[in-house]
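Scroll down for the structure; my scribbles are underneath it.
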Amino acid sequence: MERSFAREVELLRLGAGETFHGEGILAITKGLLEAGVAYVGGYQGAPVSHLLDVLVQARGLLDELGVYVEACSNEASAAALLAASIHYPVRGAVTWKSVVGTNVASDALSNLASAGVTGGALIIVGEDYGEGASVIQERSLAFALKSSICLLDPRPDLGLMTRMVEAGFELSEASSLPVMMQLRIRACHVRGSFSTRDNIAPAHSALHHLDGPAPFDYARLAHPPATFRQEKNKSDTRLPSARRFILEQALNETFDGPLGQLGIIVQGGLYNTLVHALHETGYGDLFGMTEIPLLVLNVTCPLVPEQIAGFARGRAAILVVEEGQPEFLEHEISALLGRAGVAAALHGKDLLAMAGEYTVEVLATGIAGLVECYAAERAGAAAASPARTWLAASAARRREVSEKLGPLPARPPGFCIGCPERPVFSALKLVQERIGPVHIAADIGCHAFATFEPFSSGHSILGYGMSLASSAAVAPLLRQRTLAIMGDGGFWHNGLLSGVQSALFNRDDVVLLILKNGYTSATGTQEIISSPEEGDMRGADAGSDSTGNLAGNRTIENTLEGMGLEWLETVHTYDVESMIATLTEAFTTDFKGLKVIIGEGECQLERQRRIRPIKASQLARGVRTVRVKYGVDEDVCSGDHSCIRLSGCPTLTLKDSQDPLKVDPVVTVQDGCVGCGLCGANAHAATLCPSFYRADVIQNPGWRDRLAAGLRARVLQLVQPA
């Protein structure tokens, strides 16, 4: 049972003159339908997962419009969808997560940008840069510059953002270039409203077919010698056309102010933070009034030379607000101003931080430096200027809070409660106690949480599904086998070809552990080709406390066997002892070659989404239900805490002992426990203390349950001392 987006789907149906209230990423999704998009594809990833997730559940609406939607196996296959816009006058959009997704898609994007497009081609990228990021700190601008792809970075305002969706398609059609729209984390989640328009059914779609295939045109192939002419077309025709369109449609915005000797050129996505900084430093308000004139670049590639020069001409100094490094925009603007003979002093990274997220404090520091250097009469005494006063007060507040609270306790990310992947890493710790340390190639996915305490497991993460490939050169250097870990999502994304095929071909003597939880869980539990069909789940009924083997779908196993894999074992992940035995065998067997262990256990989030409504219905109808609860007998607990070091479950924690003879706190299981049983399994597998117990909590008990409970209570009264 996937999460329902029924409310979001209804918002996509709003018509002309109605008001949309919601998040930025959903507004972008609505903008696609208003712009007459014909096809949409992508690979999910924060902060843009919402777009594809909602559209997949909006198939009814899309079928009415004739819009085709495809959940792709990876970003490369998504980018390849845009080939439909090379020859045909149809608008297409694809989406994925930041530079890690663009890395995967870059081969297709380079060829697409070289060949050029006829219909509008829009790439919506979640720009995951800054403090809230979950990936490497790089920016999409590098790809846009490299391949001459137009890059939109819209000001976080829902009305403007939806306008920029259609403008992006129009810009693509006017220039024959693909257009990338980067949406920062805050832009995706900013909330607001705008007046909607009617959705537009595309002229050519699954409902209105094209007359036939386009005639052969070698010039449309990214293949020599056509590529040489295509490169020249970029500089001579396409980019000039894009710059004309940007000027004519006023896609970039200017905001005037009385301090005309100064100017700030800012990326559109940073506009809201800049406005906040101007307000806090006394040079503007929260509604956009500014004393310092602004040029807001809603399009950061290509820059328009005459627009940049026109804004800077006659000013003493310009501050370029460009988040991240290298300072691509600052260098390009410097060159443009030099060629135009504009004498304004250019500042950027000298007044602002070279790297890291541009917070209000960072921008306020840059603004203070600019005003103090070039508008001293407005700044006043440096120490008493509005900007410096606010910065000093802000720093004092942080010190005060820090002194009052003291250092915050470490709270590293971790697996969800009852996650089926946690037992695997508990088993792996125990295995390494027996056979010694193992080189572990980690991967992207939920299992990457094992790199944190208490497991601290993993030597490298080089890309989604790349773990097995990344261990290939390590194995020959060691006297023991290496272990690669990937999820079923990573297996289908990239691991099958880049890892498994290569290891089989080269006869690598390594171990691969595939964590099969049935979904691409780290990106929002989207379904994949190996997801269970309805009714396939063992332990799927709410009355059962099975942790859910993924029975019925053997797509991964059949694929591996079809490729010639000879050593394959499937183990239920919650069976710690079996996992220990299987891992030990894989590392010690005489078999030379790739050995694959499939750890099978359903994503606990999906399991809870499925069974909770069933249990609630049963309770409402008075049906007998049984819930497993695990606990710790504090009279038996020794306070050693080995169980916690082997588990890391959030519901397994400490409390003060009631026994005055026990100095150390004892372990307790909190109410959030979902009954996976790992704590007890670890205690048994590692021969720890027998303090764990299992209890069956019966709701709506029958007469047999009541009779049994009465007998137990009577027996306990007899054996307990008076």
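The values are calculated or read from the model by the stated rules, or taken from the named source; none is laboratory data. If you're wondering where the values come from, they're calculated on a predicted model, not measured in any experiment. Note: ideal-geometry Cβ built from the backbone for every residue, glycine included; neighbour counts use all protein chains shown. Side chains included, ligands, DNA and RNA excluded: accessible areas come from the protein's heavy atoms. Shrake-Rupley method; radii C 1.70, N 1.55, O 1.52, S 1.80 Å.
Treating only the Cβ atoms of Lys and Arg (+1) and Asp and Glu (-1) as charged, compute the dipole magnitude of segment 590-722 about its Cα centre; round to the nearest 20 debye.
840
Could you pull the Cα extents of segment 89-226 along its three principal axes, largest to smallest, in whole Å?
Sorted from largest, the Cα extents of segment 89-226 read 49, 38, 23 Å.
Of the peptides 482-494, 27-39, how do they stack up when ordered by the mean number of other Cβ atoms within 10 Å, highest first?
Per-residue Cβ counts within 10 Å, averaged per peptide and sorted highest first, yield 482-494, 27-39.
Among 682-690, 616-624, 77-85, what's the highest-first ranking by average C-beta atoms within 10 angstrom per residue?
Going by the mean number of other Cβ atoms within 10 Å, highest first, we get 77-85, 682-690, 616-624.
Quick one: 3J(HN,Hα) in Hz for segment 476-486, Karplus 6.51/-1.76/1.60 with θ = phi - 60°, rounded, Gly and Pro as x.
Result, ordered by residue: x, 7, 10, 8, 9, 6, 9, 10, 10, 10, 8 Hz.
Could you do me a favour and compute the accessible area per residue for the chain, 1.4 Å probe, result in Å²?
Heavy-atom accessible area per residue stands at 44 Å².
Give me the Kirkwood hydrodynamic radius of segment 98-161 in Å, from all C-alpha pairs, to one decimal place?
13.1
Beyond a 22 Å Cα-Cα separation, which of these cross-linked pairs lie in this structure: K146/K234; K629/K655; K429/K655; K97/K595?
Exceeds cut-off: K429/K655; K97/K595.
Whose amide H sits under 5 Å from the amide H of L515, counting only residues 5 or more places off or on another chain, with H placed in the peptide plane?
M486, G487, D488, G599
Measuring from centroid to centroid over Cα atoms, what is the spacing of segment 47-87 and segment 454-506 in Å?
Each part reduced to its Cα centre gives a spacing of 30 Å.
Taking K and R as +1 and D and E as -1, what net charge do the other residues with C-beta under 13 Å from the C-beta of H347 add up to?
Summing Lys and Arg as +1 and Asp and Glu as -1 gives -3.
If you wrap a convex hull around the C-alpha atoms of segment 657-722 and split its volume per residue, what is the figure in Å³?
Convex hull volume per residue, Cα atoms: 167 Å³.
What are the ³J(HN,Hα) values, in whole Hz, obtained from phi via the Karplus relation 6.51 cos²θ - 1.76 cosθ + 1.60 with θ = phi - 60°, for each residue of segment 438-447 in sequence order, with x given for Gly and Pro?
10, 6, 10, 8, 8, 8, 7, x, 4, 5
Any chance you could give the angle, 0 to 90 degrees and rounded to 10, that helix 328-340 forms with the longest Cα principal axis of the chain?
0
Please report, as a whole percent, how much of the solvent-accessible surface of the chain comes from carbon and sulfur atoms (probe radius 1.4 Å).
54
What does the charge count around Y43 come to, taking other residues whose C-beta lies under 11 Å from its C-beta (Lys +1, Arg +1, Asp -1, Glu -1)?
Net local charge, Y43 excluded: -1.
For segment 1-113, what number results from the quotient of the Cα radius of gyration and 2.2 N^0.38 Å?
In units of the 2.2 N^0.38 Å rule of thumb, it is 1.07.
Taking every DSSP beta bridge with both residues inside the chain, roughly what % is antiparallel (nearest 5)?
30
If you line up the long axis of helix 239-248 against the longest principal axis of the chain, both from Cα atoms, how many degrees apart are they, to the nearest 10?
The answer is roughly 80 degrees.
Sort segment 412-502 into rounded, prolate or oblate with this rule: let a ≥ b ≥ c be the square roots of the eigenvalues of the Cα gyration tensor; rounded if a/c is under 1.5, and if a/c is not under 1.5, prolate when a/b is larger than b/c, oblate otherwise.
oblate
Hey, got the dipole for segment 219-269? About the Cα centre, +1 on K and R Cβ, -1 on D and E Cβ, debye to the nearest 20?
Using Cβ point charges on Lys, Arg, Asp and Glu, segment 219-269 gives about 440 debye.
If I fit a long axis through the Cα atoms of helix 158-175 and take the longest principal axis of the Cα atoms of the chain, what angle between them do I get, 0 to 90°, rounded to 10?
The angle comes out near 60 degrees.
Once you have a ≥ b ≥ c as the square roots of the Cα gyration tensor eigenvalues for segment 7-73, tell me rounded if a/c is under 1.5, and otherwise prolate or oblate according to whether a/b is larger than b/c.
Note, shape of segment 7-73 comes out oblate.
Let me know the shape class of segment 152-277, please: from the alpha-carbon gyration tensor, a ≥ b ≥ c as square roots of the eigenvalues, rounded when a/c is under 1.5, otherwise prolate if a/b is greater than b/c, or oblate.
Oblate shape, in that a/c is at least 1.5 and b/c is the bigger or equal ratio.
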